[in-house]
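Peer 1: Take a look at this one; I'll ask things after.
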Amino acid sequence: MSVDQPLPIGKEGPQAEQLADQMLKALNKPAWDSLNLISWSFPRGHHFKWDKVNNKVEVRWDDYRVLVLPDEKTGEVYKEEELMIEGNDEVVQKALNYFYNDSFWLIAPYKVNDPGTVRQLVNYDGREALLVQYTSGGATPGDSYLWILDENFRPVAWKLWVDIIPIGGLKFSWENWQNIDGAWISTFHDGLIDIKITNLTTKE
């Protein structure tokens, strides 16, 4: 039996929108929206400090510290705390890609209504699940995610159909939820590899 699974066919409409709204309510999206700053560490030594008010992000790895503006796709690169003038475009792009990927694993549930998304209701193991397809935006438009929810509409897992992974339908858990100033954020994902988010804080 092939591990690769086809993308499920869902149904757009009021029921899908209601399920998305119930998930956002369970996670307290208004609390997420009201956060001014959030910091976290991601596997492979990536560290982030995100000023949400001004949408400025400090990304650190190895001996790099990069200050990026995701909206403008620009940034400043410091290597060993020295400002790099030459050859920093590639490093800025790498920092942006780290931010796009690693922040998505942090807060993807809050992005189900982002511009360019399509929501569909899917029957998964006899329960309603939410299929979210990203038609534009981010680093990988065209990716799809099936959210599997518990009885309180909080995600317990998602299945991925993404360009970067050749196998469709890989499943990762969403667990170890933490209440961050009222917003719920999952800090552990069990799947093909384990993804553990650490140093999560809203403090400077």
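Peer 1: Among rounded, prolate and oblate, which fits segment 1-68 when a ≥ b ≥ c are the square roots of the eigenvalues of its C-alpha gyration tensor, a/c under 1.5 means rounded, and a/b larger than b/c means prolate? Intermediate results must be reported in sequence, preceding the final value.
Peer 2: On the way: a/c = 3.36, a/b = 1.45, b/c = 2.31.
Because a/c hits 1.5 or more and a/b fails to exceed b/c, segment 1-68 counts as oblate.
Peer 1: Helix 89-107 versus the longest principal axis of the chain: what angle, 0 to 90°, nearest 10, using Cα atoms?
Peer 2: Approximately 40 degrees, to the nearest 10.
Peer 1: At 1.4 Å probe size, put ASP33, ASP163 in order of accessible surface, largest to smallest. Numbers along the way, then the final one.
Peer 2: Values: ASP33 90, ASP163 135 Å².
I get ASP163, ASP33, largest accessible area first.
Peer 1: Would you work out the charge dipole size for the chain about its Cα centre, treating the Cβ of every Lys and Arg as +1 and the Cβ of every Asp and Glu as -1, and quote it to the nearest 20 debye?
Peer 2: Numbers: 20 positive and 31 negative charges, 112 e Å.
With only Lys, Arg, Asp and Glu charged at Cβ, the dipole is about 540 debye.
Peer 1: Nearest 20 debye, what's the magnitude of the dipole of segment 79-142 about its Cα centre given +1 on Lys and Arg Cβ and -1 on Asp and Glu Cβ? Please report the intermediate quantities before stating the final value.
Peer 2: Working: 5 positive and 10 negative charges, 109 e Å.
Charge dipole of segment 79-142: 520 debye, to the nearest 20.
Peer 1: Considering only protein heavy atoms, with the full assembly of protein chains and a 1.4 angstrom probe, order TRP177, TRP147 by accessible area, largest first.
Peer 2: Values: TRP177 45, TRP147 5 Å².
Highest to lowest solvent-accessible surface, that is TRP177, TRP147.
Peer 1: In the neighborhood of ILE85, defined by Cβ-to-Cβ distances under 12 Å, what is the net charge if each Lys or Arg adds +1 and each Asp or Glu adds -1?
Peer 2: Values: positive: LYS79; negative: GLU76, GLU82, GLU86, ASP89.
So the environment of ILE85 carries a net charge of -3.
Peer 1: Another one. Along the charge dipole of segment 22-75, which of ASN55, ILE38, LEU24 sits closest to the positive end, that is, farthest toward it, with unit charges on the beta carbon of Lys, Arg, Asp and Glu (+1, +1, -1, -1)?
Peer 2: Most positive-ward Cα: LEU24.
Peer 1: Can I ask one more? Between the helical axis of 14-27 and the dominant principal axis of the chain, each derived from Cα atoms, what acute angle in degrees is found, rounded to the nearest 10?
Peer 2: Taking the Cα atoms of the chain, the angle to 14-27 is about 50 degrees.
Peer 1: To the nearest 20 debye, what is the magnitude of the charge dipole of segment 1-109 about its Cα centre, counting +1 on the Cβ of each Lys and Arg and -1 on the Cβ of each Asp and Glu? Display every interim value, and only then the final one.
Peer 2: Working: 12 positive and 19 negative charges, 106 e Å.
Using only the charged Cβ atoms, the result is roughly 500 debye.
Peer 1: Which of SER173, GLY142, TRP105 sits farthest toward the positive end of the charge dipole of segment 88-196, with +1 on the Cβ of Lys and Arg and -1 on the Cβ of Asp and Glu?
Peer 2: In segment 88-196, that residue is GLY142.
Peer 1: Which of the listed residues, TYR124, GLY75, ALA95, is farthest toward the dipole's positive end in segment 38-126, when Lys, Arg count +1 and Asp, Glu count -1 at the beta-carbon?
Peer 2: TYR124
Peer 1: Right, another one. Give me the accessible area of ASP4, 1.4 Å probe, in Å² rounded to the nearest 10.
Peer 2: Per-residue accessible area (ASP4): approximately 80 Å².
Peer 1: For the cross-link pairs LYS25/LYS79; LYS25/LYS203; LYS79/LYS203; LYS52/LYS196; LYS29/LYS159; LYS25/LYS56, which exceed 32 Å when the distance is taken from alpha carbon to alpha carbon? Write down the numbers at each step before the final one.
Peer 2: Values: LYS25/LYS79 42 Å; LYS25/LYS203 24 Å; LYS79/LYS203 25 Å; LYS52/LYS196 22 Å; LYS29/LYS159 22 Å; LYS25/LYS56 27 Å.
Where the Cα-Cα span goes over 32 Å, the pairs concerned are LYS25/LYS79.
Peer 1: Also, quick follow-up: Taking only Cα atoms of the chain, what ratio of Rg to Rh do you get with Rh as the Kirkwood inverse-distance radius? Show your work: numbers first, answer last.
Peer 2: Values: Rg = 17.6 Å, Rh = 18.0 Å.
Answer for the chain: 0.98.
Peer 1: Report the residues of segment 22-48 in range of a label on LYS94: point 7 Å along Cα→C-beta, backbone N strictly under 19 Å from it.
Peer 2: Only 41-48 fall inside the zone, counting backbone N under 19 Å.
Peer 1: Starting from the Cα gyration tensor of segment 156-204, take the square roots of the eigenvalues, sort them a ≥ b ≥ c, and report rounded, prolate or oblate (rounded when a/c is under 1.5, otherwise prolate if a/b is larger than b/c, else oblate). Please report the intermediate quantities before stating the final value.
Peer 2: Working: a/c = 2.64, a/b = 2.32, b/c = 1.14.
Verdict is prolate for segment 156-204.
The values are calculated or read from the model by the stated rules, or taken from the named source; none is laboratory data. Please read all numbers here as calculations on a predicted model, not as lab measurements. Using ideal geometry, Cβ is built from the backbone for each residue, glycine included, and neighbour counts are taken over all protein chains shown. The accessibility values were calculated without ligands, DNA or RNA, using every heavy atom of the protein model including side chains. Shrake-Rupley method; radii C 1.70, N 1.55, O 1.52, S 1.80 Å.
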